[in-house]
Amino acid sequence: MRIKASLIIGCGFAAFSVIGGAATPGSGAQEASGATQAPPEQAVQAVWVPREMKFIYQGFTAHYSCDGLQGRMRELLLKLGARADTLKVYPVPCSSGFGRPDPFPGVTIKMQVLEPATQKNTVAGVKPVSAHWRSVNLAERRGYDALDATGQCELLEQVKQSVLPQFSVRAVDYDSTCVPHQLSVGGIRLKAQVLVADPPAANSQ
């Protein structure tokens, strides 16, 4: 089902402006964590490595405010395994005000991500941490329904292209049929296995 639409995403809200059809987020949205545990496997020794990048969103269907994009990108980066206590996501200077959609919102990202430990990336005196592979579904969000994923179609396309390569990922399952100015239910699928650190107790042994 395709619906001509424009989705505006600000800080803490999402408003649908629809032409030629009705689009209302489902009242019975299923709880989806966006992450499922893979079968137990041997722990991976990994090291934290720094990453810096700038991300500029360009889309026709969903329109983000700078602070709205900041919050959504932080959510996605944490799901991909970025280290929470060092993650910095700053909005770049915007032409629009707080909570108002911007033509080209962007963020600057400073983060640490996990890589499997090798002789090349292991720094002397830095102890590798125990980690494991976890399956995540970036198109799912807790408390949101399938219509929300359709509005993220263009954003997730760009995340797959420019953000995913910054992380250690495997088994990427991606498919997109995004159409500008249309909400297409089931138009995006982006799943992967990402490397995440084990709980502190496991790393203190």
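Structure above, values below:
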| read-out | value |
| --- | --- |
| R0 of 25 Å, Cβ-Cβ distance residue 92-residue 174: FRET efficiency to nearest 0.05 | 0.40 |
| Ascending count of other beta-carbon atoms within 10 Å, so fewest first, for 127, 120, 160 | 120, 127, 160 |
| Sequence-distant lysines (8 or more away, or on other chains) whose Cα lies within less than 21 Å of residue 88 | 54, 79, 110, 160 |
| Order of 132, 63 - criterion: other Cβ atoms within 10 Å of each residue's Cβ, fewest first | 132, 63 |
| Distance in nm between pseudo-label sites at residue 122 and residue 110 (7 Å out along the Cβ direction from Cα) | 2.9 |
| The stretch 49-111: C-alpha gyration tensor shape, a/c 1.5 cut-off, then a/b vs b/c | prolate |
| Residues listed by number, the stretch 186-200, amide nitrogen under 15 Å from residue 142 label point at 7 Å toward C-beta | none |
| In Hz, Karplus ³J(HN,Hα) per residue of the stretch 50-63 (6.51, -1.76, 1.60; θ = phi - 60°; x = Gly, Pro) | x, 9, 9, 7, 10, 10, 10, 8, 10, x, 10, 9, 9, 10 |
| Ranking of 196, 92 by count of other Cβ atoms within 10 Å, fewest first | 92, 196 |
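Quick note: the coordinates plus some simple rules give every number you see, no bench work behind them. Only a predicted model underlies this, so the values are computations on that prediction, with no experimental measurement involved. In this analysis, Cβ positions are derived from the backbone assuming ideal geometry, glycine residues included, and neighbour counts consider all displayed protein chains.
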